[in-house]
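Quick one: this structure, given as structure tokens, is what I'll be asking you about.
The values are calculated or read from the model by the stated rules, or taken from the named source; none is laboratory data. The shown structure was predicted, so the numbers you read here are calculated from the model rather than taken from an experiment. Here the Cβ positions follow ideal geometry from the backbone for every residue, glycine too, while neighbour counts run over all protein chains shown. Areas reflect the complete protein model, heavy atoms only, side chains present, ligands, DNA and RNA absent. Shrake-Rupley method; radii C 1.70, N 1.55, O 1.52, S 1.80 Å.
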Amino acid sequence: KGTANQKDFLHINDFDKATILNILDRARQVKELLKSGERTYLPFKGKTMAMIFAKPSMRTRVSFETGFYLLGGHAIYLGPSDIQMGKREETRDVARVLSRYNDIIMARVFAHQDILDLAKYATVPVINGLTDYNHPCQIMADALTMIEHVGQLEGTKVVYVGDGNNIVHSWLLLAAVIPFHFVCACPKGFEPDQETVEKARQAGVSKIEITNDPKEAVRDADVVYADVWASMGQKEEASHRRQVFQGFQVDEQLMKLAGKKAYFMHCLPAERGVEVTDGVIEAPNSIVFPQAENRMHAQNAIMLHVLGL
Ligand code: CP
Ligand code: NVA
């Protein structure tokens, strides 16, 4: 990369605990500043960011674009039909061309290899805005939200209920760095990637459990977390998955089993009545909207970090 302190943000466990905590701390500071109405802190002034989206998005697109703008920069949205990475043009060419115009490349792609290739050939920092494998920006925002609402992340119990997907992989990689108790309750055959589970366990930092029993799993949870059962790219499997995932809906009963202190979180978009009931998402202990807001604050800190600012 261009300078020694420029880095990519591809996986949470690419960073040590102190760095992750530093980024989260910075996110809180810059959030406070922006919430106060202060608009004179412009570290990204004169900088541009290319945002490649091979998949749809609301939160990722708007939070990156708004956050980068509020701190003085200009972000360029490139939708699924614009670049067509790997189809209209090879990823390594996209990486090198965009690096000549922009200070950061943020990308949301299908194959994880695409983000690795972008990072390999780009000469500016690359930020992972979700792949089929992981979603590190989301889990940084989730960690920030837990610090604000639960009071801390360390030592808490986070119970994810549903598909062992990209969100789970990022939780696992966070658990390889910060100590907490992570449980993934999923139907048989929908467990997270075994290698990632092993990697997280081998780090020896957190207690990690993969189970097929959501009722047992949620006991004493600080957070019960849900995501869609069919991710982007799997929508044709949606009706089959609705059958297989019976019993994995986060409903009022499951939240009751979790106990009074449990918050509900969901990365959104949610399918109400499918993986979560309307009642759970609208309940007072649901923190899905502060969580969504924190995407912007977490990412502002991530962008400051990768630019060495
Ligand atoms: N949570 C999340 O990444 O939302 P979008 O798909 O809307 O960006
Ligand atoms: N697992 C979901 C997350 C969306 C933010 C997906 O990949 O579609």
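Which residue out of ILE83, ILE104, ILE76 is under 22 Å from the mean Cα position of the chain (by Cα) and open to solvent by less than 30 Å² (accessible area, probe 1.4 Å)?
Criteria check complete, one pass: ILE104.
Among the residues of the stretch 265-308, count how many are within 20 Å of the chain's Cα centre (by Cα), closer than 20 Å to VAL159 by Cβ and among the β-branched types (Val, Ile, Thr).
So the answer is 4.
Now for a separate question. Filter the stretch 107-127 down to the residues that are of a type in the set (Val, Ile, Thr), in a loop (DSSP other than H, G, I, E, B), more than 14 Å from ligand 2 (Cβ to nearest atom) and buried (at least 20 other Cβ atoms within 10 Å of the Cβ) and list them by number.
The one that is of a type in the set (Val, Ile, Thr), in a loop (DSSP other than H, G, I, E, B), more than 14 Å from ligand 2 (Cβ to nearest atom) and buried (at least 20 other Cβ atoms within 10 Å of the Cβ): VAL124.
Further question on the same structure: Residue check, GLU216 against (1) under 19 Å from ALA258 (Cβ atoms); (2) within 19 Å of the chain's Cα centre (by Cα), all met but one. Which one?
Here GLU216 clears every test but (2).
Just checking, how many residues over the stretch 43-63 are more than 24 Å from ARG96 (Cα to Cα) and touching a Leu at 6+ places or on another chain (Cβ under 6 Å)?
Going through the stretch 43-63 one residue at a time, the tally reaches 1.
Residues in the stretch 218-232: is at least one open to solvent by 10 Å² or more (accessible area, probe 1.4 Å), more than 22 Å from ALA270 (Cα to Cα) and of a type in the set (D, E, K, R)?
yes
Would you mind stating whether LEU130 is in a loop (DSSP other than H, G, I, E, B) and within 13 Å of ligand 1 (Cβ to nearest atom)?
Yes: the conditions hold for LEU130.
Continuing with the same structure: Quick test of your reading of the structure: LEU98 fulfils all but one of (1) in a loop (DSSP other than H, G, I, E, B); (2) away from ligand 2 (no atom under 16 Å from the Cβ); (3) among the aliphatic types (A, V, I, L, M); (4) crowded, with 24+ Cβ neighbours inside 10 Å. Name the failing condition by number.
Here LEU98 clears every test but (1).
Quickly run through the stretch 142-152 and pick out the residues that are open to solvent by less than 10 Å² (accessible area, probe 1.4 Å) and either farther than 26 Å from GLN113 by Cα or touching a strand residue (DSSP E or B) at 6+ places or on another chain (Cβ under 7 Å) (or both).
Of everything in the stretch 142-152, those that are open to solvent by less than 10 Å² (accessible area, probe 1.4 Å) and either farther than 26 Å from GLN113 by Cα or touching a strand residue (DSSP E or B) at 6+ places or on another chain (Cβ under 7 Å) (or both) turn out to be ASP142, LEU144, THR145, MET146.
A follow-up question, please. If you check every pair at least six apart or on different chains, which have Cβ atoms under 9 Å apart with a residue in the stretch 88-107 that is among the aromatic types (Phe, Trp, Tyr) first and a residue that is surrounded by fewer than 23 Cβ atoms within 10 Å (Cβ to Cβ) and in a helix (DSSP H, G or I) second?
Taking only residues 6 or more apart or on different chains, not a single pair turns up.
Right, something else. Please give the number of the condition THR196 fails out of (1) in contact with a His (Cβ under 9 Å, 6 or more places away or on another chain); (2) surrounded by fewer than 16 Cβ atoms within 10 Å (Cβ to Cβ).
Answer for THR196: the failing condition is (2).
In the stretch 257-276, which residue that is open to solvent by 20 Å² or more (accessible area, probe 1.4 Å) and free of Cβ contacts under 8 Å to residues at least 60 places away in the same chain is nearest to THR66 (Cα to Cα)?
Within the stretch 257-276, the match that is nearest to THR66 (Cα to Cα) is ALA270.
Using beta carbons and a limit of 7 Å, which pairs, at least six apart or on different chains, have the first residue in the stretch 58-87 and within 16 Å of ligand 2 (Cβ to nearest atom) and the second one open to solvent by less than 60 Å² (accessible area, probe 1.4 Å) and part of a strand (DSSP E or B)?
Sorted first by the residue in the stretch 58-87, then by its partner, the pairs are THR60/ARG108; ARG61/MET51; ARG61/PHE53; PHE64/MET51; PHE64/ALA75; PHE64/MET106; PRO80/PHE53.
Only one of these is within 13 Å of TYR263 (Cβ to Cβ), in contact with a Phe, Trp or Tyr (Cβ under 8 Å, 6 or more places away or on another chain), more than 16 Å from ligand 1 (Cβ to nearest atom) and assigned to a strand (DSSP E or B): VAL183, VAL224. Name it.
After applying the criteria, what remains is VAL224.
Continuing with the same structure: Taking the condition of being open to solvent by less than 20 Å² (accessible area, probe 1.4 Å) and not aliphatic (A, V, I, L, M), how many residues in the stretch 207-217 meet it?
Adding up the residues that qualify gives 1.
Oh, and also: Looking only at the stretch 14-50, count how many residues are under 16 Å from the mean Cα position of the chain (by Cα) and open to solvent by less than 60 Å² (accessible area, probe 1.4 Å).
5
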